1. How much accessible area per residue does the chain have, counting only protein heavy atoms and a probe of 1.4 Å, in square angstrom?
2. For the chain, would you read off the P(r) tail past 14 Å as a percentage of all alpha carbon pairs?
3. When the accessible area of the chain is split by element with a 1.4 Å probe, what percent falls to carbon and sulfur?
4. What FRET efficiency, computed as 1/(1 + (r/R0)^6) with R0 = 30 Å and r the Cβ-Cβ distance, is obtained for ALA33 and LYS53, rounded to the nearest 0.05?
5. Going by average Cβ neighbours within 10 Å, how do the peptides 7-13, 34-40 rank, with the highest at the top?
6. With everything on Cα atoms, drop me the angle between helix 25-53 and the longest principal axis of the chain, reported from 0 to 90° to the nearest 10.
Amino acid sequence: MEANIAYYCLHKLHKWPHEFLALSRFEKAYVIAAMELKLEHDKEEAKKAKAKKR
């Protein structure tokens with residue numbers, strides 16, 4: 001799972017994977033929680049946009 005998060009950090013946050021992997025477990029947990037919230041928000045926005053098209 002950490003590899004997936006590190007990949008996301010590289011492409012979306014423009015941070016090197018080793019920067020994420022060097023964080024403490026509490027900092028990693030914060031980043032993961034924030035990313036999950038962002039993904040949920042993006043899904044909701046996509047659903048709303050799709051509904052507007054119809």
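1. 91
2. 59
3. That share works out to 61 percent.
4. For ALA33 and LYS53, the calculated efficiency is 0.45.
5. With the highest mean Cβ count within 10 Å placed first, the list reads 7-13, 34-40.
6. Value to nearest ten degrees: 10.
The values are calculated or read from the model by the stated rules, or taken from the named source; none is laboratory data. Remember, predicted model here, so these are calculated numbers, not experimental data. No Cβ is skipped: glycine too gets one built from the backbone with ideal geometry, and neighbour counts run over all protein chains shown. For the accessible areas, the whole protein counts, side chains as well, though only heavy atoms, and no ligand, DNA or RNA atoms are used. Shrake-Rupley method; radii C 1.70, N 1.55, O 1.52, S 1.80 Å.
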